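Reading through the structure tokens given below for one structure.
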Amino acid sequence: VIQGGNAMDQDEAAFALLDDSSILRVTLVHLSSSRLGTTSSPLRVRQDHGLSSFAKSYIEALDARRIFVDLAHIGRRSFFDAVEAHDKSLPLIVTHTGVSAVTPSWRNLDDEQLRAIAATGGTVGVIFNGPYIGWSLNGIVDHLQHIVRTVGEDHASIGSDYDGAIVPPRTLRCCVMLPRLVAVMLERGFSPELVQKILGGNFLRTLEHLRA
């Protein structure tokens with residue numbers, strides 16, 4: 001996993017580093033902008049002017065190697081440029097985000113972005129960071145439910161970001177507390193089959209699609 005594709009954005013010769021078969025996904029940008037696009041962070045120092053031709057070549061290199069293009073963190077214009085440059089036969093993912101229809105935030109996706117991911121067969125992982133999704137298990141489920149209602153149950157996943165700098169709800173501080181989230185999903189009317197999809201089934205489906 002590479003969080004911030006600018007680790008390899010010097011020139012096209014660096015694309016050879018992507019031949020490492022252990023690389024599963026690459027977020028094009030993280031909390032700073034680069035040749036590959038503009039971050040969605042409010043700390044960005046320039047406007048989002050979309051992707052350069054080099055960035056589009058980078059996406060083509062990821063697609064050719066069947067590495068997930070992860071559109072977490074990227075600015076909205078760069079997001080849609082990436083969607084356009086991406087191989088339409090492969091799934092796009094957003095591994096850790098919220099949805100702005102539930103909690104307005106620079107870090108969250110709007111419904112048009114959700115539909116763009118779903119159109120590729122991809123999935124959207126809901127982050128567990130309180131400022132982006134609310135400070136309760138019900139808040140997380142609100143985001144998952146909105147994704148399901150907007151684009152269908154095949155496109156919602158959990159994206160925790162436990163390995164990131166997050167502040168999760170008190171009742172979901174670590175992965176051993178995930179049964180509490182499952183209990184809330186079931187109480188809210190999610191079927192067992194939908195819960196299984198959210199907990200990993202949807203991501204595994206996209207991985208199978210990518211590597212087929």
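The values are calculated or read from the model by the stated rules, or taken from the named source; none is laboratory data. Just so we're clear, the structure is a prediction, and the values are computed from it rather than from any experiment. FYI the Cβ positions are ideal-geometry reconstructions off the backbone, even for glycines, and counts take in every protein chain you see. When the accessible area is computed, the model is the full protein with side chains, heavy atoms only, and any ligands, DNA or RNA have been set aside. Shrake-Rupley method; radii C 1.70, N 1.55, O 1.52, S 1.80 Å.
Miscellaneous remarks
- Axis of helix 76-85 versus longest Cα principal axis of the chain: the two differ by about 70°, to the nearest ten degrees.
- Taking the protein heavy atoms of the chain in the context of the full set of protein chains, the accessible area attributed to carbon and sulfur is 53 percent at 1.4 Å.
- Antiparallel %, DSSP beta bridges [both residues in the chain], to 5: 15
- Across the options Ile117, His143, Ile74, the greatest Cα extent toward the positive end of the charge dipole of the chain (unit charges at beta carbon of Lys, Arg, Asp, Glu) belongs to His143.
- The residues of the range 35-165 expose on average 38 square angstrom of accessible surface per residue, using a 1.4 Å probe on protein heavy atoms.
- Virtual spin-label span in nm between Gln196 and Ser21, 7 Å along Cα→Cβ: 3.0
- Karplus (6.51, -1.76, 1.60) ³J(HN,Hα), θ = phi - 60°, over the range 52-58, in Hz, Gly and Pro reported as x: 7, 4, 4, 4, 5, 5, 5
- Centroid-to-centroid separation of the range 127-148 and the range 69-86 [C-alpha atoms, Å]: 22
- The chain - charge dipole about Cα centre, Lys and Arg +1 at Cβ, Asp and Glu -1, debye rounded to 20: 500
- Under a 5 Å amide H cut-off, with hydrogens placed 1.01 Å from N, Thr123 pairs with Val94 among residues at least 5 apart or on other chains.
- Placing Tyr132, Tyr162, Tyr58 in order of accessible area, with the largest value first and a 1.4 Å probe, yields Tyr162, Tyr132, Tyr58.
- Summing Lys and Arg as +1 and Asp and Glu as -1 over all other residues whose Cβ lies under 11 Å from the Cβ of Ala101 gives a net charge of -3.
- Mean separation of Cα pairs under 8 Å and 6 or more residues apart, divided by the residue count, gives the range 1-71 a relative contact order of 32 percent.
- Using a Förster distance of 22 Å, the FRET efficiency for Leu31-Arg77 (Cβ separation, nearest 0.05): 0.80
- Read-out Rg and Dmax of the Cα atoms in Å, derived from the coordinates shown; its label in [x] 15.7, 46; [y] 19.1, 77; [z] 16.5, 52: [z]
- The calculated FRET efficiency for the pair Asp111 and Arg188, based on their C-beta separation and a Förster distance of 22 Å, comes to about 0.60.
- Averaged over residues, the count of other Cβ atoms within 10 Å places the peptides 133-141, 166-174 in the sequence 133-141, 166-174, highest first.
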